[in-house]
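The values are calculated or read from the model by the stated rules, or taken from the named source; none is laboratory data. Since we're looking at a predicted model, the values are computed, not measured. Please note: Cβ atoms are built from the backbone with ideal geometry, for glycine as well, and neighbour counts cover all protein chains shown. Heavy atoms of the whole protein, side chains included, go into the accessibility calculation; ligands, DNA and RNA do not. Shrake-Rupley method; radii C 1.70, N 1.55, O 1.52, S 1.80 Å.
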Amino acid sequence: GAVVSQHPSWVICKSGTSVKIECRSLDFQATTMFWYRQFPKQSLMLMATSNEGSKATYEQGVEKDKFLINHASLTLSTLTVTSAHPEDSSFYICSAARTDYGYTFGSGTRLTIV
Amino acid sequence: RKEVEQDPGPFNVPEGATVAFNCTYSNSASQSFFWYRQDCRKEPKLLMSVYSSGNEDGRFTAQLNRASQYISLLIRDSKLSDSATYLCVVNRAGGFKTIFGAGTRLFVKA
């Protein structure tokens, strides 16, 4: 089955640092990937749609200069949280779409900013 | 109004019970529908797609009513391992853009 690898699975950083999260499709090519954020006891909220070779499409209210997305190849999308602050602490999950598998999710990254 | 709405629960049921979840969506042009399961602090995993004709996978049955714009999930003979949050997922027409419901929490007790 389709596998999406997300790294790191958890990270703790000091306020003000930038954090990069990687999302890789291991056995298929993903022209489109999605980035979500989930706060405790809440649902996943789509942050942006990442398209290979073009700019990401951000959802309303998501700052594109704070959450930098790069989708440089058909198997890799990265999300960089720039100048992270405690309020950015959350569970970040990526997913890739395949018509035969629906949506496959990465295992998520638990980001804690202290 | 949210684009996808679910009863948040929680549903507390004994083992062996039958439980049903409903989900409504507001965008009539929505194309694809799914149920995902999410365990605590884990990523969502696909449970099943939902088709207009209805579909069944073991103890799980999914139904889609396009006229009323709702989706249902029926779980028969509940197991302790069914305890999780069940997410209704709707794919907007014209692309892969997915909208998640807030999820329904299920607790199955011995």
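Within the range B:84-110, track down each residue that is at pLDDT 90 or above and away from chain A (no Cβ under 12 Å).
B:Ala84, B:Leu106, B:Phe107, B:Val108, B:Lys109, B:Ala110
Give the residue, chosen from A:Ser54, A:Ser43, A:Ser73, that is at pLDDT below 90, open to solvent by 10 Å² or more (accessible area, probe 1.4 Å), of a type in the set (Gly, Ala, Ser) and within 29 Å of B:Gly9 (Cβ to Cβ).
A:Ser43
Can you find a residue in the range A:75-92 that is within 11 Å of chain B (Cβ to nearest Cβ), on the phi < 0 side of the Ramachandran plot, in contact with a strand residue (DSSP E or B) (Cβ under 7 Å, 6 or more places away or on another chain) and among the hydrophobic types (A, V, I, L, M, F, W, C)? Explain how you work it out, then say what you get.
First, pick out the residues of the range A:75-92 that are within 11 Å of chain B (Cβ to nearest Cβ): A:91-92.
Filter once more, so that each one left must be on the phi < 0 side of the Ramachandran plot: A:91-92.
Retained after the next criterion (residues that are in contact with a strand residue (DSSP E or B) (Cβ under 7 Å, 6 or more places away or on another chain)): A:91-92.
From what is left, the residues that are among the hydrophobic types (A, V, I, L, M, F, W, C) are A:91.
Taking every residue of the range A:75-92 in turn, at least one turns out to be within 11 Å of chain B (Cβ to nearest Cβ), on the phi < 0 side of the Ramachandran plot, in contact with a strand residue (DSSP E or B) (Cβ under 7 Å, 6 or more places away or on another chain) and among the hydrophobic types (A, V, I, L, M, F, W, C).
With the requirement that a residue be more than 12 Å from chain B (Cβ to nearest Cβ) and open to solvent by less than 50 Å² (accessible area, probe 1.4 Å), what does the range A:57-70 give you?
Listed by number, the residues that qualify are A:Val62, A:Lys66, A:Phe67, A:Ile69.
Mind checking which residues of the range A:1-50 are within 11 Å of another protein chain (Cβ to nearest Cβ), part of a loop (DSSP other than H, G, I, E, B) and not basic (Lys, Arg)?
A:Gly1, A:Ala2, A:Ser9, A:Ala30, A:Thr31, A:Pro40, A:Gln42, A:Ser43, A:Leu44
Looking at (1) in contact (Cβ under 8 Å) with a residue 24 or more places away in the chain; (2) part of a strand (DSSP E or B); (3) open to solvent by 10 Å² or more (accessible area, probe 1.4 Å), which one does B:Tyr86 not meet, given that it meets all the others?
(3)
Could you grab me the full set of residues in the range B:54-82 that are closer than 17 Å to B:Pro10 by Cβ and either surrounded by fewer than 14 Cβ atoms within 10 Å (Cβ to Cβ) or in contact (Cβ under 8 Å) with a residue 60 or more places away in the chain (or both)?
Those that are closer than 17 Å to B:Pro10 by Cβ and either surrounded by fewer than 14 Cβ atoms within 10 Å (Cβ to Cβ) or in contact (Cβ under 8 Å) with a residue 60 or more places away in the chain (or both): B:Ser78, B:Lys79, B:Leu80, B:Ser81.
Within the range A:84-106, which residues are more than 20 Å from B:Trp35 (Cβ to Cβ) and open to solvent by 50 Å² or more (accessible area, probe 1.4 Å)?
Those that are more than 20 Å from B:Trp35 (Cβ to Cβ) and open to solvent by 50 Å² or more (accessible area, probe 1.4 Å): A:His85, A:Pro86, A:Glu87.
Say whether the condition of being more than 12 Å from the chain's Cα centre (by Cα), within 20 Å of B:Asn91 (Cβ to Cβ) and free of Cβ contacts under 8 Å to residues at least 40 places away in the same chain is met by at least one residue in the range A:30-45.
Checking the range A:30-45: at least one residue is more than 12 Å from the chain's Cα centre (by Cα), within 20 Å of B:Asn91 (Cβ to Cβ) and free of Cβ contacts under 8 Å to residues at least 40 places away in the same chain.
Got at least one residue in the range B:62-71 being within 14 Å of another protein chain (Cβ to nearest Cβ), over 27 Å from A:Ala30 (Cβ atoms) and out of contact with any Cys (no Cβ under 6 Å at 6 or more places or on another chain)?
no
If B:Ala62 passes every condition in (1) in a loop (DSSP other than H, G, I, E, B); (2) under 25 Å from A:Val3 (Cβ atoms); (3) in contact with a strand residue (DSSP E or B) (Cβ under 8 Å, 6 or more places away or on another chain) but one, which one does it miss?
Of the numbered conditions (1) in a loop (DSSP other than H, G, I, E, B); (2) under 25 Å from A:Val3 (Cβ atoms); (3) in contact with a strand residue (DSSP E or B) (Cβ under 8 Å, 6 or more places away or on another chain), the odd one out for B:Ala62 is (1).
Please determine whether any residue of the range A:87-94 is over 20 Å from B:Glu43 (Cα atoms) and outside any strand (DSSP E or B).
Among the residues of the range A:87-94, at least one is over 20 Å from B:Glu43 (Cα atoms) and outside any strand (DSSP E or B), which makes the answer yes.
For the subset of the range B:25-53 comprising residues that are polar (S, T, N, Q) and either loosely packed, with under 12 Cβ neighbours inside 10 Å or in contact with a Gly (Cβ under 9 Å, 6 or more places away or on another chain) (or both), which member is farthest from the other protein chains (Cβ to nearest Cβ)?
Among those that are polar (S, T, N, Q) and either loosely packed, with under 12 Cβ neighbours inside 10 Å or in contact with a Gly (Cβ under 9 Å, 6 or more places away or on another chain) (or both), it is B:Ser28.
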